[in-house]
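Data block below; observations after.
The values are calculated or read from the model by the stated rules, or taken from the named source; none is laboratory data. Worth saying up front: this structure is predicted, and the values here are computed from it rather than measured. Neighbour counts run over all protein chains shown; Cβ positions are idealised from the backbone, glycine included. Just the protein is used for accessible areas: all its heavy atoms, side chains included, with ligands, DNA and RNA removed. Shrake-Rupley method; radii C 1.70, N 1.55, O 1.52, S 1.80 Å.
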Amino acid sequence: EYMTRQIVSYAKDRIVIATPAVVARNILSNTVNLTIRKIPFPYIAKKYIEGYTEYRRYTKDLTEANALKVKIDANKLPPTSTEAKQYVRLVKAVVANKMHTYSKLGLNSIIVEDVNTAKSSAVYRGLQHVVQMSDFLARYVMIEYAVNVKKQPQNIAVMEAIEAFVL
């Protein structure tokens, strides 16, 4: 089992992620997969943009909140401090962000075994991020459509999106 996982990981790294043309085809494939599921293209485009914007804001706020938490803890700052108030504001923004639910479900997680020192070039990391972001956004679009348009329960929508776009 371990050997099979290593071979698949290596193949994915060398064939899928390390080749820019394949990365572009992954994005196209995800979009086609969504349209085959009868999700209108304007909806897909809108949700791709929305999801990407929300994801960037989410990661920015989360990073800032984590840094502030370290500063607050290290300096034993009181809850009335400017930093503590900013931290509370950022945590509220993180929790209110649409991506928080998807993050808690693990739908935007990086495949940890793919990250190691041999794969440290900026280009490689960028391509890997694009592939993962493309798959995440496709899951996001599919879940949002199922829940908000088709009025499907979120747990069922999540399971179908996971099956459609493997983590």
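Any residue in the range 31-53 that is under 20 Å from HIS100 (Cα atoms) sitting within a Cβ distance under 9 Å of a residue that is at pLDDT 95 or above and in a loop (DSSP other than H, G, I, E, B)? List the pairs, counting only those 6 or more apart or interchain.
LYS47/ILE39
Mind checking which pairs have a first residue in the range 145-166 that is over 18 Å from LYS104 (Cα atoms) and a second that is of a type outside the set (A, V, I, L, M), Cβ under 6 Å, 6 or more apart or different chains?
As it stands, the answer is ALA146/GLN152, since those pairs meet every condition given.
In the range 61-78, which residue that is assigned to a helix (DSSP H, G or I) and among the charged types (D, E, K, R) is surrounded by the most Cβ atoms within 10 Å (Cβ to Cβ)?
Going through the range 61-78, the residues assigned to a helix (DSSP H, G or I) turn out to be 61-75.
Subsequent filtering for residues that are among the charged types (D, E, K, R) retains 61, 64, 69, 71, 73.
Working: ASP61: 21, GLU64: 16, LYS69: 15, LYS71: 15, ASP73: 9.
Filtering first and then ranking leaves ASP61.
Report yes if SER81 is modelled with pLDDT under 85 and open to solvent by less than 80 Å² (accessible area, probe 1.4 Å), otherwise no. Talk me through it step by step, then tell me what you get.
On the way: modelled with pLDDT under 85: no; open to solvent by less than 80 Å² (accessible area, probe 1.4 Å): yes.
For SER81, the condition - modelled with pLDDT under 85 and open to solvent by less than 80 Å² (accessible area, probe 1.4 Å) - is not met.
Could we say that LYS98 is of a type outside the set (Ser, Thr, Tyr), within 28 Å of PRO20 (Cβ to Cβ), at pLDDT below 95 and in contact with a helix residue (DSSP H, G or I) (Cβ under 8 Å, 6 or more places away or on another chain) here?
no
Of everything in the range 19-60 that's not in a helix (DSSP H, G or I) and not basic (Lys, Arg), which residue is least open to solvent (accessible area, probe 1.4 Å)? Explain how you work it out, then say what you get.
Initially, the range 19-60 is screened for residues not in a helix (DSSP H, G or I), giving 19, 37-40.
Checking the rest, the ones that are also not basic (Lys, Arg) come to 19, 39-40.
Values: THR19: 48, ILE39: 8, PRO40: 63 Å².
Selected residue: ILE39.
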